[in-house]
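Here's the structure, in structure tokens; my notes come after.
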Amino acid sequence: MSNSSGPQSGPQSGPQSCVTIIPTFSDNFCYLITYNQSTNLALLIDPAEPSVIWPLLSSPPLNELQITHILSTHHHWDHSGGNNEMVKLINDRAGSTKPNVIVIGGINDDVEGKTLSVTDKDEMTLGDFNVRFLETPGHTNGHICYYFESTFTKMVFTGDCLFVGGCGKFFEGGAEEMFGSFKKLAELPRETLVYVGHEYTVSNYNFAAKAVQTEAVVKRAKWAEEKRKRGEHTVPSTIGDEIDSNVFMMAVLNEEGADLSGGIWGGFLAKCGCSVGERDFLPAELLGKVREAKDKGMLK
């Protein structure tokens, strides 16, 4: 949740044309996925601002779609606070008084209007896609990421767990929970497209460039700045890009037990005022320190 500002544009289609990106609030993303092109069946992910989303769904060509599911990544108002209103709008258009939209959320999360609870590695077939539900606690205890796989694409919707170049704040969980969640996402194929919950990318890479001066981080920071200046979104990313240039993911994937007194991490910890000496940081501890440094503005 943020009040950051920047260039915004209307809905944009994803590279496989089955994903429409809908900006909401100041920096959120809602996603419309047409999962069966031949029958116009579609679903929404995190449709939290119906006043923006519904006019788009009521206008050609999106008004031809039948919305069957709402997938919520977590219970925060800017992700699931529009569920009940969206269900009502969809039912009213269909002339139905019976709920005909399935609202999905994590079994450990109090998502608005939830009618189906899912747990880790549950699966569902939706048209062209196999959808796998990944429990990814840390930001919230019941956070879910949605992994879609078909013959033509792989994509994951990460809400406020993984951002492009960043990581969600530890509101309900801690570094250990987020560490496990990032490890799980890092196991997805490198080519997997990553669709995140917020446009925080420039801020994330500005921080990363202060934390670790790697070629990949510097390159991505410049890329993000250029994209936003052109008024373009920085989604989707890929799992491979996040492994290579996301400072939080880099901290998670740092070799366990590695000596952090030198290299990029030694420099980072020194900037944070940490005396490493001969002590080895546990991977989750390093992730926590990176999160703390960003939260507290420790790097100038």
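Quick rundown of the values:
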read-out	value
Environment charge of Q37, counting only residues whose C-beta is closer than 15 Å and scoring Lys/Arg +1, Asp/Glu -1	-2
Cα-based Rg and Dmax for segment 73-215, where Dmax is the largest Cα-Cα distance (Å)	16.5, 57
Ranked packing of 217-226, 179-188, most packed first, by mean Cβ within 10 Å	179-188, 217-226
Calculated FRET efficiency for the pair L282/N206, C-beta based, R₀ 35 Å, to 0.05	0.80
When each of K169/K210; K184/K227; K169/K289; K154/K183; K154/K184 is checked by Cα-Cα distance, pairs over 22 Å	K184/K227
Option label - Cα extents along the principal axes in Å computed here, alternatives (i) 68, 39, 35; (ii) 76, 46, 39; (iii) 61, 49, 38	(i)
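Read-outs throughout are calculated quantities, based only on the coordinates presented, and are distinct from any laboratory measurement. This structure is a prediction, so every number in the text was calculated from the model and none was measured. Please note: Cβ atoms are built from the backbone with ideal geometry, for glycine as well, and neighbour counts cover all protein chains shown.
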